[in-house]
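Structure first, commentary second.
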Amino acid sequence: MEIRSSYPRSEERSGGLAPLHQEENMAGLILLGLCFSHLLNDTIQSLIPAIYPLLKTTFRLDFGQIGLITLTFQLTSSLLQPLVGTYTDHKPKPFSLAIGMGVSLCGLLLLSRAWDYAIVLLAAGLVGVGSSIFHPEATRLARFSSGGRHGFAQSVFQLGGYMGTALGPALAALVVVPAGQHSIAWFSIVALIAILVLSRIGFWYKKVRTSQKKSAQSLNRPPLPGWKVFAIISILAALIFSKYFYLASISSYYTFYLIDRFHLSIQSSQMLLFLFLFAVAVGTIIGGPIGDRYGRKLVIWFSILGVTPFTVLLPYANLFWTGVLSVIIGLILASAFSAIIVYGQELVPGKVGMIGGVFYGLAFGMGGLGSAVLGWLADLTSINFVYHVCSFLPLIGLLTVFLPNLDRWVANKGR
């Protein structure tokens, strides 16, 4: 599938015109590089929840303390991402991606040597800071390399992240659980590879960002009233709350749920978590292209509200159907985020980094808050009760009915 660049169709280089296909090929390579680096970044991130059973035993933690680890990681990321995105909208930083990965590397090494709970929280916070630097600028570059197929580009970029999130538990089961906490340091190799890839992308970005400025153009859409933009953003935020609170129940507590209800081993439960997260990775590539072709609102409807029957059935299923339902839930739920990101970027043209930072920040924040709240709820009741409560969260997707069809609004406005 061909990926075309969105910057000018020709530019002066060495006294001549660069061939168009070279620009297109380079943009495609950059998008694939962003996908790969997102995979590496989120592999590192997903190690943290994947080793919760190990940390729980080592430091004698309760579920509330487990949730606080996720909250620390998610909040450092969510609070900084909108600020980073707004700043880089005005002052792009070509090498900020590699710098962010360097911060994550420091957190990873500290986690491998953490000697008490406070150091675990500090390490999780550093990984969150690195993530906050990575996502807004990477989102901008994904859009820049899209050739106008913004949903497809976001899906490709997010595919890497979801695949990395799926790989973390599997690698933790194969490496960290048998070898212990210190083996986390081996994953510094992953971070170093990512730094090399992102440095190369940084050189390319520095070279073409002048062209990016020249080609930057907002959609031919009259501006929506400020109150309406705020209302739409609020609805999208509620949908992200629904999606990521539910995902927090899986990513942070699915292994505990499987161990408690079906008496599985840690490794077996982590492999089932891997299957769910892999389904999320597969599902995410679907939403973007469908949104490009049929509209973002349709994808949001199907992804968030359409998953409800399966989440409601999950707490009552046996082990086999729990695995099947979790895969179906992952496939359906995953497609929403790329559609929400592009919908927001089209709603507020020219603020790609800010929108990316706001929505990624909301996603991380809701995931962290959800993990902390659900951990507290699990301590008060049971892990099974948590899944009964969370099964109704996708009903918040009914708010999608209030989202306008942006293209139809333009047509009506032009009459």
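The values are calculated or read from the model by the stated rules, or taken from the named source; none is laboratory data. No experiment lies behind these values; they were computed from the predicted model shown. Note: ideal-geometry Cβ built from the backbone for every residue, glycine included; neighbour counts use all protein chains shown. Heads up: the accessible areas ignore ligands, DNA and RNA and are worked out on the full protein's heavy atoms, side chains in. Shrake-Rupley method; radii C 1.70, N 1.55, O 1.52, S 1.80 Å.
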Problem set entry | Residue list for segment 295-317, given a label point 7 angstrom along the Cα-to-Cβ vector of Val401 and an amide N cut-off under 14 Å | 301, 305
Exercise. Under a Cβ-Cβ cut-off of 14 Å, what is the net charge of the residues other than Ile266 that fall near it, where Lys and Arg count +1 and Asp and Glu count -1?
Worked result: 0
For this session: Can you figure out the FRET efficiency of Ala118 with Ser183, using R₀ = 25 Å and their beta-carbon distance, to the nearest 0.05?
Result: 0.70
Exercise. Among the chymotrypsin sites (Phe, Trp or Tyr not before Pro) within segment 102-134, which fall in a DSSP loop and have no more than 16 other Cβ atoms within 10 Å of their own Cβ?
Worked result: Trp115
Exercise. Based on the alpha-carbon gyration tensor of segment 236-297 and its eigenvalue square roots a ≥ b ≥ c, which shape applies: rounded if a/c is under 1.5, prolate if not and a/b is larger than b/c, or oblate?
Worked result: oblate
Exercise. Each residue of segment 246-263 in turn: what ³J(HN,Hα) in whole Hz from Karplus with 6.51, -1.76, 1.60 and θ = phi - 60°, glycine and Pro shown as x?
Worked result: 5, 4, 4, 5, 8, 5, 8, 10, 4, 4, 5, 4, 5, 5, 5, 8, 10, 6
Exercise. Each residue of segment 182-187 in turn: what ³J(HN,Hα) in whole Hz from Karplus with 6.51, -1.76, 1.60 and θ = phi - 60°, glycine and Pro shown as x?
Worked result: 4, 5, 4, 4, 4, 6
Seminar exercise, completed: In Å², rounded to a whole number, the accessible area per residue of segment 66-189 with probe 1.4 Å is 33
Exercise. How big is the gap, in Å, between the Cα center of segment 69-118 and the Cα center of segment 332-355?
Worked result: 21
Exercise. When the Cα centres of segment 138-179 and segment 247-324 are compared, how far apart do they sit, in Å?
Worked result: 17
Exercise. Using a 1.4 angstrom probe and counting only protein chains, how large is the accessible area of Ile233 in Å², to 10?
Worked result: 40
Exercise. When the Karplus curve 6.51 cos²θ - 1.76 cosθ + 1.60 is applied with θ = phi - 60°, which whole-Hz ³J(HN,Hα) does each residue of segment 159-171 get, with x for Gly and Pro?
Worked result: 4, x, x, 5, 5, x, 4, 6, 6, x, x, 5, 5
